[in-house]
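The values are calculated or read from the model by the stated rules, or taken from the named source; none is laboratory data. On a predicted model such as this, the values are computed, not experimentally measured, just so you know. Glycine also receives a Cβ, built like all others from the backbone with ideal geometry; neighbour counts cover every protein chain displayed. The protein model used for the area step is the full one, side chains on, heavy atoms only, and it has no ligands, DNA or RNA in it. Shrake-Rupley method; radii C 1.70, N 1.55, O 1.52, S 1.80 Å.
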Number of protein chains: 2
Amino acid sequence: MLEARLPQASILKKIVESVKDLVSQANFDCSDSGISFQAMDESNIALSSFLLRADGFDPYRCDRNLSLGIKFASLSKILKCAGNDDVVIIRYMDDADILSLVFESPNNERISEFDIKLLDIDSEYLSIPDQEFECKVKMSSSEFSRICRDLMTIGASVVIDATKEGVKFSATGDDGSGSVLLKQSGSIDNEGRGVVGTSVEMVEPVSLELSLKYLNNFTKAAPLSDSVAINMSNGIPVMFQFDVGDIGYIRYFLAPQIKDDD
Amino acid sequence: MLEARLPQASILKKIVESVKDLVSQANFDCSDSGISFQAMDESNIALSSFLLRADGFDPYRCDRNLSLGIKFASLSKILKCAGNDDVVIIRYMDDADILSLVFESPNNERISEFDIKLLDIDSEYLSIPDQEFECKVKMSSSEFSRICRDLMTIGASVVIDATKEGVKFSATGDDGSGSVLLKQSGSIDNEGRGVVGTSVEMVEPVSLELSLKYLNNFTKAAPLSDSVAINMSNGIPVMFQFDVGDIGYIRYFLAPQIKDDD
DNA sequence: CTACGGGGTG
DNA sequence: CACCCCGTAG
């Protein structure tokens, strides 16, 4: 069986909200190391993956490896029935065809239990090599959301140029063009404030063009983390990573478009 | 004639908003004891009734019994023209075919008067015996609203099980099932906060299945009262009562469905 | 025109 | 976490 107790329902709620527009269903893989999934979007362009380590739960018990097929629309509906501060207990009994979610209100006067039907999803698990990237940008996730939203009004794709000086986001459309340059700023997190600067770590400058439609889906994960890591190498899929506290992460991979260099 | 002065227009506004989706028109019965109405919904399934006692008005005068046919859509439009803090005066002149509503702003600088045409509605008045119920639940009205809204996403009907321990609301649908258990909690209204606990008073456990569509109409009355009383006996219509301060109430009756026990 | 759901603010 | 307002859908 699986039994995992997560003290903060809001974490699970945000994770599901951030992927449900991208992926309709996925297998949740549960093992003694934690819970994860990965899935391509409907058009097979973007890959979403997430991991919550076992030590993010208290307690966590998973007797054997499980692959639980979940429809995100159903899961999202059910999670809307949980308060942000509820404790959530995820439970699966061996060979059952349902997954149970139990929500306990902070004062314990309210206990809700929801059972969600499991699906049989044939998952071609795509293993992603743990590659090194030529360039790693770390920046404020809300700043990133803002830029993607703003540039979406200019054009359909964004060019990201990263150099030692900083990172530049540019878009071009019928009515004009625009760009935002973030200079590298040494001070990440001044005095415990939520202020996050921009850092660029690189062995090679990169320049990549990406679809803003997808990026604007990825930014739904911004509420999970103050910062986002953007890991790039020329010509291969970009990895966006939002850390979930120190207990896990959610990652998106998106292949760059062929750039129309003017 | 009838002349009734209600110091708070908001009360009348909320009452009308809470029934107008259920009932299109009704006879308002006025006597020296107060103003009331009762009406079945269009499909003759749910009964709505309300009462404002004469002492909730100041002053109140009603020379003889009246039955004034009102279309809720018209009344609702007119009441939208009143400020929440306006004083409202309800006035009917004998043998007139209109009812007058006068709104006075708190500072008395603005006086509005609206006349609404009366209808001739043949009302088969259904007298409801003042019965004893096997089980009386009292709980937070906003909690009740929340549960009905949440479970609506799971299924079309809810099963209410009340026992000495508390009350459980359950729903089942295509994607799974869910339930919310409220434990009986001693502390009602800690320290004047709007916190309302759950109490169950019973001579017999009950288990009833009800349409969530109707319940979600009833919960429109939640703004009138912090708490709702749910009075049940197995097999007969359930009564939901929202008190209007200490001057009246609004009640809904809904017959249980035949339960499909698995 | 009305009702319901989602997002933002206090 | 609760309440209010706005936008979208029926």
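In plain terms, the chain from residue B:255 to residue B:209 could stretch by 15.7 nm, reckoned as 0.36 nm per residue minus the Cα-Cα distance.
Over segment B:135-254, give the accessible area per residue in Å² for a 1.4 Å probe, as an integer. Averaged over the residues of segment B:135-254, the accessible area is 40 Å². Each 10 Å bin from zero holds the following percent of Cα-Cα pairs in segment A:40-82: 18, 37, 39, 6. Heavy-atom accessible area, probed at 1.4 angstrom with all protein chains present, ranks B:206, B:159 as B:159, B:206, highest first. Treating each Cα of segment A:119-262 as an identical point scatterer and summing with the Debye formula, the log10 of I(q)/I(0) at q = 0.08, 0.09, 0.20 Å⁻¹ comes to -0.22, -0.28, -1.33. A full extension of the chain between residue A:185 and residue A:246 corresponds to an added length of 19.6 nm, given 0.36 nm per residue minus the alpha carbon distance.
Here's how it looks for residue B:184: its modeled amide H is under 5 Å from those of B:166, B:167, which are all 5 or more places away or on a different chain. For the pair segment B:92-115 and segment B:8-22, the centres of their Cα atoms are 17 angstrom apart. Positive end of the dipole of chain A (Cβ unit charges, origin at the Cα centre): among A:177, A:90, A:129, the Cα lying farthest that way belongs to A:177.
Remark: mean inter-chain Cβ contacts per residue of B:158-170 equal 1, using a 10 Å Cβ-Cβ cutoff to other protein chain atoms. With one equal scatterer per alpha carbon and no solvent term, the Debye-computed log10 I(q)/I(0) for segment B:74-176 at 0.12 1/Å reads -0.81.
For chain B, a simple Cβ point-charge model (Lys and Arg +1, Asp and Glu -1, everything else neutral) yields a dipole of about 560 debye relative to the Cα centre. No solvent, one uniform scatterer per C-alpha: report log10 I(q)/I(0) for chain B via the Debye equation at q = 0.07, 0.09, 0.11 1/Å, two decimals. Log-scaled intensity ratios, in q order: -0.27, -0.45, -0.65. Taking θ as phi - 60° and the Karplus parameters 6.51, -1.76 and 1.60, the scalar couplings of segment A:212-221 work out to 6, 4, 5, 4, 6, 6, 4, 5, 4, 7 Hz in sequence order, x denoting glycine and proline. For residue B:8, the residues 5 or more places off, or on other chains, whose built amide H falls under 5 Å of its own are B:88. Ignoring ligands, DNA and RNA and using a 1.4 Å probe, state the total buried accessible area between A and B in Å², rounded to the nearest 100. About 1500 Å² of accessible surface is lost on pairing.
Between residue A:5 and residue A:33, the contour length at 0.36 nm per residue exceeds the Cα-Cα span by 8.7 nm. Taking the charge dipole of chain A about its Cα centre, with +1 at Lys and Arg Cβ atoms and -1 at Asp and Glu Cβ atoms, the residue from A:27, A:15, A:111 reaching farthest to the positive side is A:111. Sorting A:149, A:91, A:110, A:53 by solvent-accessible area of protein heavy atoms yields A:149, A:53, A:91, A:110, largest first, with a 1.4 Å probe. Note on residue A:198: accessible area is roughly 10 Å² with a 1.4 Å probe, heavy atoms of protein only. Using the alpha-carbon positions of segment B:6-61, Rg (one decimal) and Dmax (whole number) come out as 12.2, 38 Å.
Shape summary: segment B:2-117 maps onto an equivalent ellipsoid whose semi-axes, from the alpha-carbon gyration tensor, are 22, 17, 13 Å in decreasing order. In this Cβ point-charge picture (+1 for Lys and Arg, -1 for Asp and Glu), segment B:2-117 has a dipole of about 260 debye about its Cα centre. Only protein heavy atoms count here; on that basis, with a 1.4 Å probe, residue B:246 has an accessible area of about 120 Å². Of the heavy-atom accessible surface of the protein assembly as shown (probe 1.4 angstrom), what whole percent is carbon and sulfur? The C+S portion of the solvent-accessible surface of the protein assembly as shown is 47 percent. Helix A:9-19 and the longest principal axis of the C-alpha atoms of chain A enclose an angle of approximately 50°. Each residue of segment B:88-103 was assigned a 3J(HN,Hα) from its phi angle through the Karplus curve 6.51 cos²θ - 1.76 cosθ + 1.60 (θ = phi - 60°); the sequence is 10, 10, 9, 9, 9, 8, 3, 6, 6, 10, 9, 10, 9, 10, 10, 10 Hz, with glycine and proline shown as x. In the Gaussian network model of chain B, springs joining C-alpha atoms below 10 Å, which of B:171, B:73, B:96 carries the largest mean-square fluctuation? So, out of B:171, B:73, B:96, the one fluctuating most is B:96.
Working note: Cα atoms of the protein assembly as shown, range along each principal axis, descending, whole Å: 93, 58, 43. Treating r as the C-beta distance of residue A:177 and residue A:130 and R0 as 41 Å, the FRET efficiency rounds to 0.65. Accessible area per residue was computed with a 1.4 Å probe on protein heavy atoms; residue A:122 scores about 140 Å².
Working from Cα pairs under 8 Å separated by at least six residues, relative contact order for segment A:2-117 is 32 percent. Can you give me the angle between helix A:141-152 and the longest principal axis of chain A, using Cα atoms only, in degrees from 0 to 90, rounded to the nearest 10? It is inclined by approximately 60 degrees.
Here residue B:7 yields copy-to-copy label distances, from shortest upward, of 4.9 nm, the label point defined as 7 Å from Cα along Cα to C-beta. Within 10 Å of the Cβ of each residue in B:171-181, the mean number of Cβ atoms contributed by other protein chains is 6. Taking every C-alpha pair closer than 8 Å and separated by at least 6 residues, the mean separation divided by the residue count of chain B gives a relative contact order of 20 percent. In a reduced charge model with +1 at each Lys and Arg Cβ and -1 at each Asp and Glu Cβ, segment A:61-123 shows a dipole moment near 200 debye about its Cα centre. For each pair in B:80/B:220; A:77/B:164; A:13/A:136; A:80/A:138; B:14/B:117, compute the distance between the two Cα atoms and list the pairs where it is over 23 Å. Exceeds cut-off: A:77/B:164; A:13/A:136; A:80/A:138. For segment B:2-117, the solvent-accessible area works out to 47 Å² per residue, with a probe of 1.4 Å and every protein chain left in place.
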